[in-house]
Amino acid sequence: MMENVLQFLPLLLSGAIVTVEVSVLALLVSSLLGFVLALLKLSPNRWLAYPASGVVNVIRGLPILIVLFYMYFVLPELGIDLTAFQAGVLGLGIGYSGYQAEIFRGGIQAVDRGQTEAAQAIGMKPAMIMRRVTLPQALRISIPPYANTFTMILKDSSLVSTITVAEMTHAGQLIASATFQNMTVYTLTALLYLAMSLPLLYLVNRLERHLRR
Amino acid sequence: MIKITNVKKRFGNLHVLKGISLEVGCGEVVCLIGPSGSGKSTLLRCINALETYDDGDIHVGERRVDAASRTIHELRSEVGMVFQRFNLFPHRTVLENVIEGAVHVRREPRQQAVAHGLELLEKVGMADKRDSMPGQLSGGQQQRVAIARALAMRPRALLFDEPTSALDPELVGDVLAVMRRLADDGMTMVVVTHEMGFARDVADQVCFLHDGVIAESGPARQVLEAPRHARTQDFLRRVRSA
Ligand SMILES: Nc1ncnc2c1ncn2[C@@H]1O[C@H](COP(=O)(O)OP(=O)(O)OP(=O)(O)O)[C@@H](O)[C@H]1O
Ligand SMILES: [Mg+2]
């Protein structure tokens, strides 16, 4: 048993590195996209706001697995060839951008209206108000749900194993099918996921408590 | 300095301002009084275009106030506003709050803005709190910082919307004292207030708003001590007994 663990661990850990890479990059993609979508959705220009709102809903309505399959299997048919890793990062990032957009939108809308008025009253223009007054406060409000989303991305990064990205779940499957040590392999994999997600969840709780004060 | 001519405003079916005319001379202090819902805040907010109006004209100096104008921010930077709930920027220190507009809107050199900001904080008695965050201050202290923030824009006029009514009674005096000093220094001020003592001592002109019209206006002593209209008398009696 113990020697099995020692034998599997290096493979699983190298998968864990890919898991972290995919998750962090997907977090970046989803943040950027989500941020832009949130700003568009809140734009007073309805030619921007309505389409953005539609895009957010479509993304939120799609299973991430389908988005991943689209990236990996459908895009090549349209002449866009992505590596499995790229497809995984993009699919996960796009899949989560809808949630990120809602997090940022919620944060922006939670900022007291009096703040905008105070900024207007000293002669600030809308873009500067957004940049110097609204966003700093909105991002602060968004930190706990944002960190929470990162935990979810970390877990859902296991989905990219289905498009052959060699992350931790994928490594676990390979080992399990070669050794039939299902219990050992998947328990080990589960523990490694928990080793990553539990500290994050702890951080989320601390942030929430800290920001509530 | 501020000229309001026959201004009308409605929210849906609710006629909030039904033709208001009012002139505020340079260096003059005008107090707006009246019952809740009479349109005092709305009128005040029309002056710096935080609210739009449907009909009539408002001029500040030579310039017509038009909320839809592309350059409305220029006018706003010349007319300061102090809010009932202070609305300090909670993520910036006291001094940063005060110099924010000077540095980023007026584009003053930072050093100059800081020097001016400290001078203003001194003036409102808050210099020792320059590095505090707004959340660490009492309401009265926050309001004095908010006044310094408005003054840092070197405004031609200041608007106050019930600046003391969110304060604990023992903190009201400090804020009113600052406002008195501003008035003495010749600042043009329009003040919505329920502080009748302040209105009587400081205001050149008092306007009693009722139901969207100025029911009575005139020199402070006349309106407050010898009101002609039954509604004004009634309102003052209720305010005093409260
Ligand atoms: N944005 C708005 N939309 C709809 N109605 C509004 C809006 N702002 C104000 N009102 C209404 O207009 C009327 C006048 O409001 P206003 O705030 O000007 O009164 P006020 O004299 O300042 O009262 P108070 O002493 O309570 O502050 C009120 O009936 C109010 O409910
Ligand atoms: Mg009001």
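Cβ under 9 Å from B:N6's Cβ, B:N6 left aside: what net charge do those residues give with Lys, Arg +1 and Asp, Glu -1?
Values: positive: B:K8; negative: B:D55, B:D57.
Once positives and negatives cancel, what remains is -1.
Using all Cα-Cα distances in region B:1-143, what percent lands in each 5 angstrom bin from 0 up to the longest?
Per 5 Å bin, starting at 0, the Cα pair percentages come out as 2, 8, 15, 17, 16, 15, 13, 9, 4, 1, 0.
Rg(Cα) of region B:161-242 divided by 2.2 N^0.38 Å? It would help to have the intermediate numbers written out before the result.
On the way: Rg = 13.0 Å, N = 82, 2.2 N^0.38 = 11.7 Å.
Cα Rg divided by the expected 2.2 N^0.38 Å: 1.10.
Calculate, axis by axis, the spread of Cα positions in region B:23-68 along the three principal axes, and write the results as whole Å, longest axis first.
Per principal axis, max minus min of the Cα coordinates gives 31, 27, 16 Å.
How much accessible area does A:Y202 have with a 1.4 Å probe, in Å² rounded to the nearest 10?
130 Å²
Rounded to the nearest 5, what % of the DSSP beta bridges within chain B are antiparallel ones?
Working: 21 of 38 bridges.
Around 55 percent antiparallel, to the nearest 5.
Of the cross-linked pairs A:K125/B:K9; A:K125/B:K123; B:K18/B:K40, which ones have a Cα-Cα span greater than 18 Å in the structure shown?
On the way: A:K125/B:K9 25 Å; A:K125/B:K123 29 Å; B:K18/B:K40 12 Å.
Among A:K125/B:K9; A:K125/B:K123; B:K18/B:K40, the Cα-Cα distance tops 18 Å for A:K125/B:K9; A:K125/B:K123.
With a 1.4 Å probe, what is the total accessible area buried between chains B and A, in Å² rounded to the nearest 100? Walk me through the numbers before you get to the answer.
Values: alone 11360 and 12120 Å², together 21810 Å².
So the total buried area for this chain pair works out to about 1700 Å².
From zero up to wherever the largest Cα-Cα distance of region A:1-92 sits, split into 10 Å bins and tell me the percent of pairs in each.
It works out to 15, 31, 30, 16, 6, 3, 0, in whole percents.
Can you pull the mean other chain C-beta count within 10 Å for peptide A:122-135? Can you show the working numbers first?
Values: counts 18, 16, 7, 7, 1, 0, 3, 1, 0, 1, 5, 6, 0, 0.
So the per-residue partner count for this stretch is 5.
Around B:Q233, what is the net charge, scoring Lys/Arg as +1 and Asp/Glu as -1 over all other residues with Cβ under 14 Å from its Cβ? Intermediate results must be reported in sequence, preceding the final value.
Working: positive: B:R228, B:R231, B:R237, B:R238, B:R240; negative: B:E216, B:E225, B:D234.
Around B:Q233, the charge tally is +2.
Going from the alpha-carbon gyration tensor of region B:63-129, what semi-axes, largest first and in whole Å, does one get by taking the root of 5 times each eigenvalue? Before the final figure, lay out each step's value.
Working: eigenvalues 118, 45, 23 Å².
So the equivalent ellipsoid measures 24, 15, 11 Å along its semi-axes.
How would you rank A:39-50, B:78-89, highest first, on the average number of other Cβ atoms within 10 Å across their residues?
Details: A:39-50: 13.7, B:78-89: 22.7.
Result, highest mean first: B:78-89, A:39-50.
Could you work out the Kirkwood radius for the protein assembly as shown, taking every pair of different alpha carbons, averaging 1/r and inverting it, reported in Å? Mind dumping the intermediate values first?
Details: mean 1/r = 0.0385 Å⁻¹.
Evaluated on the protein assembly as shown, it is 25.9 Å.
Please report Rg over Rh for region A:68-137, where both radii come from the alpha carbon positions and Rh follows the Kirkwood definition. The partial results should precede the final answer.
Values: Rg = 19.3 Å, Rh = 14.8 Å.
A ratio of 1.30.
Pairs of Cα atoms under 8 Å, at least six residues apart: use those to get the relative contact order of region A:103-204, whole percent. Don't skip to the end; give the middle numbers.
Numbers: 68 pairs, mean separation 27.5, N = 102.
Normalised by residue count, the contact order of region A:103-204 is 27 percent.
Per the helix-only calculation at 222 nm, which mean residue ellipticity applies to chain A, given -39500 (n - 2.57) for every DSSP H run of n ≥ 4 and division by its residues, nearest 500 deg cm²/dmol? Kindly include the intermediate steps, with their values, before the conclusion.
On the way: 9 runs with 167 residues, N = 213.
Computed ellipticity for chain A at 222 nm equals -26500 deg cm²/dmol.
With all protein chains present, how much of the accessible area of the protein assembly as shown (probe radius 1.4 Å) comes from carbon and sulfur, to the nearest whole percent?
Of the solvent-accessible surface of the protein assembly as shown, carbon and sulfur hold 56 percent.
Sort A:L82, A:L11 from largest to smallest accessible area, using a 1.4 Å probe on the heavy atoms of the protein chains. Intermediate results must be reported in sequence, preceding the final value.
On the way: A:L82 45, A:L11 95 Å².
Order by accessible area, largest first: A:L11, A:L82.
Given Cα pairs under 8 Å that are at least 6 residues apart, what percent is the relative contact order of chain B?
Working: 451 pairs, mean separation 63.4, N = 242.
For chain B, the relative contact order is 26 percent.
Run through all the Cα pairs of chain A and give the fraction in each 5 Å bin from 0, expressed as whole percent.
In order of increasing distance, the bins hold 1, 7, 13, 15, 15, 14, 11, 9, 6, 4, 2, 1, 1, 0, 0 percent.
Send over the semi-axes of region B:72-224's equivalent ellipsoid, whole angstrom and largest first, taken as the square roots of 5 times the C-alpha gyration tensor eigenvalues. Don't skip to the end; give the middle numbers.
On the way: eigenvalues 153, 60, 36 Å².
Each semi-axis is the square root of five times an eigenvalue, giving 28, 17, 13 Å.
Averaged over peptide B:102-113, how many Cβ atoms belonging to another chain are found within 10 Å of each residue's Cβ? Intermediate values should be presented prior to the final figure.
On the way: counts 1, 0, 7, 6, 2, 0, 0, 0, 0, 0, 0, 0.
Counting Cβ atoms of other protein chains within 10 Å of each residue's Cβ and averaging gives 1.
Quick one: how many Å² of B:H15 are accessible to a 1.4 Å probe, rounded to 10?
90 Å²
From the alpha carbon gyration tensor of region A:1-50, can you work out the equivalent ellipsoid semi-axes (sqrt of 5 times each eigenvalue) and give them in Å, largest to smallest?
Values: eigenvalues 403, 11, 5 Å².
Output for region A:1-50: semi-axes of 45, 7, 5 Å.
Can you give me the relative contact order of chain A as a percent, contacts being Cα pairs under 8 Å and 6 or more apart? Walk me through the numbers before you get to the answer.
On the way: 245 pairs, mean separation 60.8, N = 213.
Dividing the mean separation by the residue count of chain A yields 29 percent.
Taking only DSSP H segments of four or more residues, each worth -39500 (n - 2.57), what value at 222 nm results for chain B once the sum is divided by all its residues, to the nearest 500 deg cm²/dmol? Kindly include the intermediate steps, with their values, before the conclusion.
Details: 9 runs with 94 residues, N = 242.
Calculated at 222 nm, the ellipticity per residue is -11500 deg cm²/dmol.
With only Lys, Arg, Asp and Glu charged, each at its Cβ (+1 for the first two, -1 for the last two), find how big the charge dipole of chain A is about the Cα centre; round to the nearest 20 debye. Walk me through the numbers before you get to the answer.
Numbers: 14 positive and 10 negative charges, 233 e Å.
Dipole about the Cα centre, nearest 20: 1120 debye.
Roughly what % of DSSP beta bridges within the protein assembly as shown run antiparallel, to the nearest 5?
On the way: 21 of 38 bridges.
Looking only at bridges with both residues in the protein assembly as shown, the antiparallel portion is about 55 percent.
What is the average number of partner chain Cβ atoms found within 10 Å of a Cβ in B:86-93? Show your work: numbers first, answer last.
Numbers: counts 2, 10, 3, 7, 7, 7, 3, 0.
Rounded to a whole number, the mean comes out at 5.
The values are calculated or read from the model by the stated rules, or taken from the named source; none is laboratory data. As the structure is a computational prediction, the values presented were derived from the model and not from experiment. In this analysis, Cβ positions are derived from the backbone assuming ideal geometry, glycine residues included, and neighbour counts consider all displayed protein chains. These accessible areas exclude ligands, DNA and RNA; they are computed on the full protein's heavy atoms, side chains included. Shrake-Rupley method; radii C 1.70, N 1.55, O 1.52, S 1.80 Å.
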